[in-house]
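Colleague: Here you go, one structure.
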Amino acid sequence: MSNFHYTKKATVYKTQFFKFPAALLYAEKYRTLSDKAKIAYMALQDRLQFSVSNSWVDADDNVFFIYTIKDLESILNCGHSTVVKVKHELEEAGLLAQKQMGLHQPNHLYLAELE
């Protein structure tokens, strides 16, 4: 099998892809979202897999996740105020809900399914 190219540990992330939901481009409801908000939605949607594997569900069986502002700043390559704006955009579009957990604890975030 000399022509077989094994995936190496160091290159796994290079071959991992995000799915860009068509609704974010074509649905009238989401057309006005900024590109950063759409990318943030995809990144947060990816985080749901981690939540499911860790059984992060509330009493109503809703999946939640923790993704700090610093985490979003890093993946979106932007500052605090931009991340706050992006989260607000997603909330206004009905795609993100935040539940405050208490002082010095990160919020639980909930992502809505696209319509």
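The values are calculated or read from the model by the stated rules, or taken from the named source; none is laboratory data. Since the structure is predicted, the reported quantities are computational estimates derived from the model, not experimental observations. Cβ coordinates were reconstructed from backbone atoms using ideal geometry, including for glycine residues, and neighbour counts include every protein chain displayed. SASA here: full protein model, heavy atoms, side chains in, ligands and nucleic acids out. Shrake-Rupley method; radii C 1.70, N 1.55, O 1.52, S 1.80 Å.
Colleague: Could you grab me the full set of residues in region 36-79 that are acidic (Asp, Glu) and within 13 Å of the chain's Cα centre (by Cα)?
Modeller: Within region 36-79, Asp46, Asp71, Glu73 meet the criteria.
Colleague: Of everything in region 68-79, what is in a loop (DSSP other than H, G, I, E, B), open to solvent by 40 Å² or more (accessible area, probe 1.4 Å) and under 17 Å from Met42 (Cβ atoms)? Give them in sequence order.
Modeller: Within region 68-79, Asn77 is the sole residue that qualifies.
Colleague: Sticking with this one: Of everything in region 87-113, what is in contact with a Ser or Thr (Cβ under 7 Å, 6 or more places away or on another chain) and open to solvent by less than 50 Å² (accessible area, probe 1.4 Å)? Give them in sequence order.
Modeller: Glu89
Colleague: Could you figure out which of (1) modelled with pLDDT under 90; (2) surrounded by 12 or more Cβ atoms within 10 Å (Cβ to Cβ) isn't true of Gln49?
Modeller: (2)
Colleague: Additional query: Kindly check whether there is at least one residue in region 16-26 that is surrounded by 14 or more Cβ atoms within 10 Å (Cβ to Cβ) and in a loop (DSSP other than H, G, I, E, B).
Modeller: yes
This table checks each residue for (1) in contact with a Leu (Cβ under 8 Å, 6 or more places away or on another chain); (2) in a helix (DSSP H, G or I); (3) of a type in the set (Val, Ile, Thr); (4) under 16 Å from Ala112 (Cβ atoms).
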| residue | (1), (2), (3), (4) |
| --- | --- |
| Leu33 | yes, no, no, yes |
| Lys36 | yes, yes, no, no |
| Lys85 | no, yes, no, no |
| Leu90 | yes, yes, no, yes |
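Colleague: Is there any pair with a first residue in region 55-67 that is without any contact (Cβ under 8 Å) to a residue 40 or more places away in the chain and outside any loop (DSSP other than H, G, I, E, B) and a second that is of a type in the set (A, V, I, L, M, F, W, C) and open to solvent by less than 70 Å² (accessible area, probe 1.4 Å) whose Cβ atoms are under 8 Å apart and which are 6 or more apart or on different chains, and what are they?
Modeller: Note: pairs meeting the criteria are Val57/Val63; Val57/Phe64.
Colleague: Among the listed residues Leu44, Leu33, identify the single one that is open to solvent by less than 40 Å² (accessible area, probe 1.4 Å), touching a strand residue (DSSP E or B) at 6+ places or on another chain (Cβ under 9 Å) and within 11 Å of Leu90 (Cβ to Cβ).
Modeller: Among Leu44, Leu33, only Leu44 is open to solvent by less than 40 Å² (accessible area, probe 1.4 Å), touching a strand residue (DSSP E or B) at 6+ places or on another chain (Cβ under 9 Å) and within 11 Å of Leu90 (Cβ to Cβ).
Colleague: Restricting to region 10-49, count the residues that are of a type in the set (Phe, Trp, Tyr) and touching a Phe, Trp or Tyr at 6+ places or on another chain (Cβ under 7 Å).
Modeller: Within region 10-49, residues that are of a type in the set (Phe, Trp, Tyr) and touching a Phe, Trp or Tyr at 6+ places or on another chain (Cβ under 7 Å) number 0.
Colleague: Kindly evaluate Val52 against the criterion of being touching a strand residue (DSSP E or B) at 6+ places or on another chain (Cβ under 7 Å) and assigned to a helix (DSSP H, G or I).
Modeller: Considered against the rule, which asks whether it is touching a strand residue (DSSP E or B) at 6+ places or on another chain (Cβ under 7 Å) and assigned to a helix (DSSP H, G or I), Val52 comes out as yes.
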